[in-house]
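**Q** Structure incoming, see below.
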C-alpha cells in the first residue's frame, strides 16, 4: 500500500449564482481537496492500492472528505479523527490559475501530534509526503517524526510544494525538510521549489546535483508547460514533454502528476528502495510520461478532478 501522509481540506470554490444577489454574483461551494488528499484520490482512481493518513475533523466537512476517499477506493483506516475544525481554503481563480486564502488555526489537520500517529503495518510499502502539511507546525513535526520512524524498508516520495507564506520559521523548516529529504527516494520539485531550497547562483542542473547528494535516488524537476526532467543519482537524465490539453484550470495538476508517477512505478514493480536505487532511465521516462498524461486530463476540467484509469 502507498500511504499518503498529509493534508486533507476543503477548497471553497467560487461558483456563479444562478440569480445574482446584491451581495455579489458568486457563491463558494465546498470541494474536497488538499495536495496530499488529491494525490491519494488520483492513486485510488488509477487502480493503485492506497491509503490516507491525516488529521481529520468529525464535522460535516470531515465527513465529506472521508466520503470522497472511500468513493475513490482509498483506505481510511489510518485517519486520525478529532473534534477540531476542518481546514478551509478559499480559492480565487485568475486566468485558470488558483490562489488561496487558508483558515487553518487549531484545525484537525494542523494540530496532529507524533503521539497521534498510528503504527504502520508491513502492508504499507511506500510513503508519500508533501504540501502545506510539511510547513504548518505542530503537524509538520509529526509527519517528520513519522517518516523518521518508518522510512526503513519503505519507498519514500516527497513533493515539498513550497509555499513561503506558510513558513513561519525558515531555519526550522529548512532543517526539518533536509532531514526528510535525506530519508527519501524520490523528490519532485518545481523550478520555483528548487530555487527556494537552494537560492545560490547555480544552474538548475547543479542544484539538482546538490539535492541528489542529500540522499534521494531520483529527483523530478517540473517546469509547467515545458514538461518534466528526471535525474538519477548515476548522472542519467530523461526529459518528458507536457501533454497538450485545453486548460480549464491547473488545480491539482501537480498532485495528479505525482499520482501518475507513483502508480506507474508501482505497476512496474519499481516502488521499492532497492529498485529505486538502481532505476533505469527507461523506467523513469515511462513513469514521467504517464504522470504527464494523468495531469493533462486533470487540467482539462474544473477542479482537482483526477481521471479514472479507464480514461487514460
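**Q** Hey, what angle do you get for helix 170-182 against the long axis of the chain, alpha-carbon based, 0 to 90 degrees rounded to 10?
**A** 50
**Q** What 222 nm value per residue comes from the helices of the chain, counting each DSSP H run with n ≥ 4 as -39,500 (n - 2.57) and dividing by all residues, nearest 500 deg cm²/dmol?
**A** -10000 deg cm²/dmol
**Q** Quote the relative contact order of the chain in percent (integer), defining contacts as alpha-carbon pairs under 8 Å separated by 6+ residues.
**A** 17
**Q** Another question, then. Treat the count of other C-beta atoms within 10 Å as a stand-in for reagent exposure and order 154, 205 from fewest to most.
**A** By the 10 Å Cβ count, ascending, the order reads 205, 154.
**Q** May I pose another question? Would you please give the FRET efficiency between residue 308 and residue 171, computed as 1/(1 + (r/R0)^6) with r the Cβ-Cβ distance and R0 = 51 Å, to the nearest 0.05?
**A** Efficiency at R0 = 51 Å is approximately 0.75.
**Q** Hey, fewest Cβ within 10 Å first, where do 264, 207 land in order?
**A** 207, 264
**Q** Shape verdict for segment 44-96, please, from the Cα gyration tensor: rounded (a/c under 1.5), prolate (a/b greater than b/c) or oblate.
**A** oblate
**Q** Helix 60-71 sits at what angle to the longest principal axis of the chain, using alpha carbons and giving 0 to 90 degrees rounded to 10?
**A** 50
**Q** To continue, here is another question. Points 7 angstrom from Cα along the Cβ direction at residue 301 and residue 101: gap in nanometres?
**A** 3.0
**Q** Gaussian network model of the chain, Cα springs within a sub-10 Å range: biggest mean-square fluctuation belongs to which of 166, 257, 37?
**A** Evaluated over the chain, the most mobile residue of the options is 166.
**Q** How would segment 59-133 be classified by its alpha-carbon gyration tensor: rounded, prolate or oblate, with rounded meaning a/c under 1.5 and the a/b versus b/c comparison settling the rest?
**A** prolate
**Q** Need one number: % antiparallel among DSSP beta bridges in the chain, to the nearest 5.
**A** Expressed as a percentage, antiparallel bridges in the chain total about 50.
**Q** For 103, 290, 173, what ranking results if the residue with the fewest other Cβ atoms within 10 Å of its Cβ goes first?
**A** Starting with the residue having the fewest Cβ neighbours, the order is 103, 173, 290.
**Q** Now for a different question. Work out how much length residue 122 to residue 59 would gain on full extension: take 0.36 nm times their residue separation and subtract the Cα-Cα distance, in nm to one decimal.
**A** Net length gain for the segment: 19.6 nm.
**Q** For the residue pair residue 28 and residue 273, what label-to-label distance in nm results when each label sits 7 Å from Cα along the Cα-to-beta-carbon direction?
**A** With each label point 7 Å from Cα toward Cβ, the separation is 4.3 nm.
**Q** Shape of segment 164-294 from its Cα gyration tensor (a ≥ b ≥ c, root eigenvalues): rounded if a/c is under 1.5, otherwise prolate when a/b > b/c, or oblate?
**A** Note, shape of segment 164-294 comes out oblate.
**Q** Assuming R0 = 30 Å, what is the FRET efficiency of residue 281 and residue 145, from their Cβ-Cβ distance, to the nearest 0.05?
**A** 0.30
**Q** How do 176-189, 265-278 rank on mean C-beta neighbours within 10 Å, highest first?
**A** Going by the mean number of other Cβ atoms within 10 Å, highest first, we get 176-189, 265-278.
**Q** If R0 is 45 Å, what FRET efficiency do you get for residue 210 and residue 15 from their C-beta distance, rounded to 0.05?
**A** 0.55
**Q** For segment 171-188 and segment 90-167, compute the distance between their C-alpha centroids and round to whole Å.
**A** If you average the Cα positions of each part, the centres end up 12 Å apart.
No value in this document is a laboratory result; all are computed from the given coordinates. Keep in mind that what you see is a predicted model, and the values were worked out from it rather than measured. Every residue, glycine among them, receives a Cβ derived from its backbone with ideal geometry; neighbour counts consider all protein chains shown.
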